[in-house]
Amino acid sequence: MTDNNGKAEFPCLEVQGISKRFGGIQALDDASLTVFPREIVGLVGANGAGKSTLVNILAGVTRADEGLVLVDNAPVEINDPIDARRLGIEIVYQNLALIETLDISSNIHLGRELVQRPRLFQWLNESNMQAQARELLSGIGLDLNPKLRVRNLSGGQRQAVALARAIFFQAKIVLLDEPTAALGIAETQATLEIIEQFRDHGLGVMVVSHNLEDIFRITDRIVVMRAGRVVGVRTTAETTSAEIVNLITMGAAEETI
Ligand SMILES: Nc1ncnc2c1ncn2[C@@H]1O[C@H](COP(=O)(O)OP(=O)(O)OP(=O)(O)O)[C@@H](O)[C@H]1O
Ligand SMILES: [Mg+2]
């Protein structure tokens, strides 16, 4: 269901009151946020604000001490990365996480062993995987040979492979933790475009970045974290980078007074 603006009525991802302590450090303190389908949410904050901890909890890498995660309005348990993937949560760590030396088909199916029983996986012979990869790619308007190595693909073609993989895993939510941190200008551009493609495909996207220029360019909303807490949520079109910087740093300023 959508409202008059075409925005879905329910978030595909909702985090309610998540807390996480590492020894004496309160990495997350009652953090809550939502991500809607067809929306890019930027997660920003100073070093150590708790952004990666939140991503890791949603990825099933870290367990929360307290709080609730809802996917499509239903409470879920994410005990490990297999749970996350089954729930349609796709994590992209860096550079779209494609393996240069493998072919397109292998990159799309990469990680499938996580969701399939090993015996079932053996039935999936290579030609089936390639046929499936070709179908996925043509579904998004690309006529590419699945046997091509990713190393030999252009930026745009790589984006298509990353998108095909998310579709293959029936992802609803894509989480990206500093996806452009180590990238050059052209690669950053390509990565920002794929993030927009995820959204245009109907997925909910949450992207962690220190680059406010990128954040302002691609996001619909911005969630600011400080010392484990969500200290502000803004509609990108209705805020300024001065306001966001202020929200990010206010805590530090208060502490030094
Ligand atoms: N496995 C861990 N063990 C102990 N402390 C941790 C662990 N992971 C994170 N922390 C601490 O929790 C706090 C939040 O860290 P987190 O990595 O979530 O921050 P971040 O917002 O992603 O920062 P950055 O922008 O630097 O990546 C930090 O104080 C960090 O030192
Ligand atoms: Mg981090």
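The values are calculated or read from the model by the stated rules, or taken from the named source; none is laboratory data. Computed from a prediction, not measured in an experiment: that's the story for all the values here. Cβ sites come from the backbone with ideal geometry, for glycine too, and all protein chains shown count toward neighbours. To get the accessible areas, we keep the full protein, side chains included, count just its heavy atoms, and leave off ligands, DNA and RNA. Shrake-Rupley method; radii C 1.70, N 1.55, O 1.52, S 1.80 Å.
Descriptive notes on the structure:
- log₁₀ of I(q)/I(0) at q = 0.15 Å⁻¹ - the range 128-177, Debye sum with one point per alpha carbon: -0.39
- Near-label residues of the range 182-211 by backbone N, under 16 Å of a point 7 Å along Cα→Cβ of Ala237: 200
- All C-alpha to C-alpha distances of the range 122-239, sorted into 5 Å bins beginning at zero, yield P(r) values of 2, 9, 18, 20, 17, 14, 8, 5, 4, 2, 0 percent in whole numbers.
- Overall form of the range 1-91 per C-alpha gyration tensor (a/c, 1.5; a/b vs b/c): prolate
- The modelled label-to-label distance between Ala186 and Leu102, using points 7 Å beyond Cα along the C-beta direction, is 2.5 nm.
- Spin-label model, Phe216/Glu193: points 7 Å from Cα along the beta carbon direction are separated by 2.3 nm.
- Amide H contacts of Arg229 (H built 1.01 Å from N, under 5 Å, at least 5 apart or other chain): Asp29
- Solvent-accessible ranking of Asp30, Asp177, largest area first, probe 1.4 Å: Asp30, Asp177
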